[in-house]
Each structure stands twice: as structure tokens, then as C-alpha cells.
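The values are calculated or read from the model by the stated rules, or taken from the named source; none is laboratory data. Everything numeric in this text was worked out from a predicted model, so none of it was measured. So basically every Cβ, Gly included, is an ideal-geometry build from the backbone, and we count neighbours across all protein chains shown. With ligands, DNA and RNA removed, areas are computed over all heavy atoms of the protein, side chains included. Shrake-Rupley method; radii C 1.70, N 1.55, O 1.52, S 1.80 Å.
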Amino acid sequence: MSKWRIATATLHRHLQSQSPTISSFKDPTKSLSSAAVAAAHQCRGYSTAQTDDSSGKWVTLPSFYPTVDGNAVGKELTSDGDSIKGSTDGSNTTALRWILRCRPDLPRTLVQKLFRLRQVRREMTLSCDNDLLQRSKLKRVAAKESLNVGDRIFLPLSVDNVAPPQPTATKKEHFRCSEEERKFVCSLVLYKDPSIIVLNKPHGMAVQGGTGIKTSIDELAATCLTFDKSESPRLVHRLDRDCTGLLVLARTQTAATVLHSIFREKTTGASAYGVKKNIKSLKRKYIALVIGCPRRKKGQISAPLRKVVVDDGKSDRITVDDNGELVSTQHAITEYRVIESSPHGYTWLELRPLTGRKHQLRVHCAEVLGTPIVGDYKYGWQAHKTREPLVSSENTPTKQSSSPFGLDLDGGDVSSKQPHLHLHSKQIDLPNISQLLEKMELSSDSDISDIGSLKFDAPLPSHMQLSFNLLKSKVDETCDKN
């Protein structure tokens, strides 16, 4: 019972604090030791027995605490098991791993040398009697020894003399934007909690930087969307530059690891016979306007994709690989359903990707269904050559004088000669990551099978709404004439 009280108190205390960073060790002989003692004092009122060996002779690392294993949690959330247990990355954490995590400024070779020279000490938490937290005297520790909750590691003071000086200007310079641009970026936020941010991405804004890209959501998030966090939001999935709709960002490293695992498991768990259904797994729904109409009203597309190089290596494109035998081939599955067909040759589709491959929806619509998405000139170029813009009886919207970041947010509907891409990430269902991590902090072995889900819905962008209104009005005009 005493060991349980020690572990619970120490784990709960440290899981609520931030992970140690280099900045925590500016004066290791003073602040860290006192901070660790203060933490023990505050933990259920216990006091800490002092050791004679630790004063002024060692660099003291924070007490060991297990962290949430995001990859394992993500796999469990997408599993078919009825009872899902949370996982922590603590049972196999060695003294070497803990030192490298707390002191990333120390070369691994130096730390290994300290172990060989037997200059690393360990202070273990022994018992908890009469509200007194008892610790052992410092003992030598091997590099591969596993740590227990509450253990502390001590390094010789000489490590601060050997460690390379930290560069003064390593912090990445944030993208500079005006107040108007900052307000625009913040207006894209549909939802925010301690773990995630959900955006409604506009047409023409790249998600990640690259060649020829001046601004990206990845850069703008670091400037405009940190809010009360010291960390910049992290991308956990992608949308094409001209695709619109829901984009999820993680606000912490742990949340990003869990979400990455969920998105990855959703794809790798796919097979030629479908994807296992689980209420905790990721669910996505897209809305697309396509040229033509599929022969069947609904179905499942199971077609492997591969990348081919074109234009003498200057660019590439994704295509369906009928053989599916190449190493580079990636299996891709999409469920589709016809929402409504127009007599003018257009069809609204609901698309549910069960895997997450590059350009998956665009290629499946163009090459498998034979109905390329409106505005997709990469995979539907031939269909757009013969497409005639619909004549709009409504007044054409007045073009704005300027848009943030040079985005083209006007027009682009089916009455335009060159319409925008009509592919919109409409809905996303995913586990409540914030609730999950909060539960994991309270208990490292929590049953997370009852974790709730979050459902998000993004309104159509202006160009798709205009197309919807125009096609509906054309249907009404045809009915009136008849």
C-alpha cells in the first residue's frame, strides 16, 4: 500500500507539470534540487528526508515520472477490443533514456562515458511511513537499469563544463503578419481545447511550406494560434492546397503523437476487404461536385495508387495501379454516395476516405468513377476542356479589393471559366483527446473505452455554396418551364 501511495502521489504531481527542458537547468546545483524537494512536500503533505550526499555535489535531475505513450494509446483507440487500457511510457524507461530526455544538450557519448566511469548516482523512493517520504542514499546506477516512479538521478557537476554552449539564436523566427491577417487566421478557428485546434481551411492556402509557397498554415499557426500555450500547434494530417474544410492541429507534443497514431492506424489497418469498424476510430466525410454522374448511386472504391514522374522529372502525379504488385503501390479505399445529380451534367457526391493517401479522392473520382472533381485540372484536364460554364442569372458578386495573404476568395463557382476545386472536408469524428489525456494523468492504467468523441462540421466555402445555389436555381427554372 505504501508503494502505491508513493507512486500515485509522485505520478499525479509530475504529470500535471511540464516536461523538463534545457532551460530548467541553468543553475542545476540550486533550483532543481529545491524544486524536487518542494514537489515532494506539496504531494499530500509529505516531507522529504534529506541525504548527506546530494548537497552541492551533483546536478540533480527531476524525479522520474512516466509519460503517456501516444503511439500505444492511438493503436488501442483504433482497436476492436471492448476494454481499452491507457498506456504510459514508463515501465521500460532506463536511467540512460531519462538523462537524455532531461538533458538533450549532453552528447550521448558523454552520458555513456559517465556510466562506464560509474559517476552516475540514483536516489530511490523507499517507503512512506507516518507521512514521511523516505529516500535511499545515493547509489551507483547502470545505464540500462529501469527507473521507478519518484527516483532521481544525480550527475557530476563537471557535465555543465563539458556540455556545449547553447546557441543564442536557435529559435525559429515566426512569420510576420498584419493585425488584419492575424484576425483572419483566428477567424478560421472552429474549435479549441487544451489539446487540439480545428480550423476551416480556405481555398488556396497551403497547409505546409515548400518550394514556391509564401505562406502556410504551419507557419501562421506558430504566429497566430498559440494562444495560452508555449508550444506551436502541430499538423497531424494534410489537406491539398485548393481543398477546403476541416483541418486538425495538435496543441501539445503528446496530443500530436496520439493523433498521428490514430490517422496512421486508420490507413494501415485498411485491407482489400474493407476497414474494421470501431466507434473510437477516425471518421471523415468530404463533399465534392463532380463532372458527370457515377453509374452506381453508391459503392466502395478499392483501388491501389502509385506515384509516377512526368515532364522529365519536373513534376509527379498519382495514378491507379491496376496490377498493385509494385513496392511503391499504396492501397486506397473510398466509400462514395450520390447526394444529388443535376440535369446540367454535375453531381454532388459524399466521399468517405477509409485510408489517407495523397490525392486519393481526386484520383478515385477521376480514374475509377470517371467523374473528375470540378476545378481539378491535374486529374480532370480533359473534362474541363469541353466543359461550358453555366450562365448565371444572378448578379456576379463584387470582387474584393484585396484578400488576406493574396487568397482568391471570390467567384470560382461553376459559372466561372476556371472554377476553384470543389472538394470540401465537411465532417470529422475523432476521440476526445483532451478528455483522454486528462484521464491518463489521473491514472496511468485508466480504462479509456468510455472516452467520448468530438464531431465537427464545416460550412461550405463560398464558391461551392454559389455552385449549389446556381445548380438549384437551374433545376427550378427547368421545372417552371415544364
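Things worth noting here:
- Verdict on K455 being open to solvent by 50 Å² or more (accessible area, probe 1.4 Å), part of a loop (DSSP other than H, G, I, E, B) and either touching a Pro at 6+ places or on another chain (Cβ under 6 Å) or at pLDDT 95 or above (or both): no
- Pick from region 341-376, criterion of a type in the set (S, T, N, Q) and assigned to a loop (DSSP other than H, G, I, E, B), ranking: modelled with the highest pLDDT: T371
- When restricted to residues that are open to solvent by 40 Å² or more (accessible area, probe 1.4 Å), among the polar types (S, T, N, Q) and either part of a helix (DSSP H, G or I) or in contact with a strand residue (DSSP E or B) (Cβ under 6 Å, 6 or more places away or on another chain) (or both), region 176-218 contains 2.
- Against the list (1) on the phi < 0 side of the Ramachandran plot; (2) at pLDDT 95 or above; (3) over 27 Å from the mean Cα position of the chain (by Cα), the condition Q382 fails is (2).
- Check on T347, in contact with an Asp or Glu (Cβ under 8 Å, 6 or more places away or on another chain), touching a residue at least 24 places away in the same chain (Cβ under 8 Å) and among the polar types (S, T, N, Q): yes
- For region 289-318, the tally of residues that are in contact with an Asp or Glu (Cβ under 7 Å, 6 or more places away or on another chain) and surrounded by 12 or more Cβ atoms within 10 Å (Cβ to Cβ) stands at 5.
- S136 vs. criteria open to solvent by 50 Å² or more (accessible area, probe 1.4 Å) and either closer than 30 Å to D450 by Cα or modelled with pLDDT under 80 (or both): no
- Residue count, region 324-365 (criterion: farther than 21 Å from L471 by Cα, open to solvent by less than 30 Å² (accessible area, probe 1.4 Å) and of a type in the set (A, V, I, L, M, F, W, C)): 5
- Tally, over region 398-443, of residues that are at pLDDT 95 or above, under 20 Å from S187 (Cα atoms), touching an Asp or Glu at 6+ places or on another chain (Cβ under 9 Å) and not aliphatic (A, V, I, L, M): 2
- L77 vs. criteria buried (at least 19 other Cβ atoms within 10 Å of the Cβ) and at pLDDT 90 or above: no
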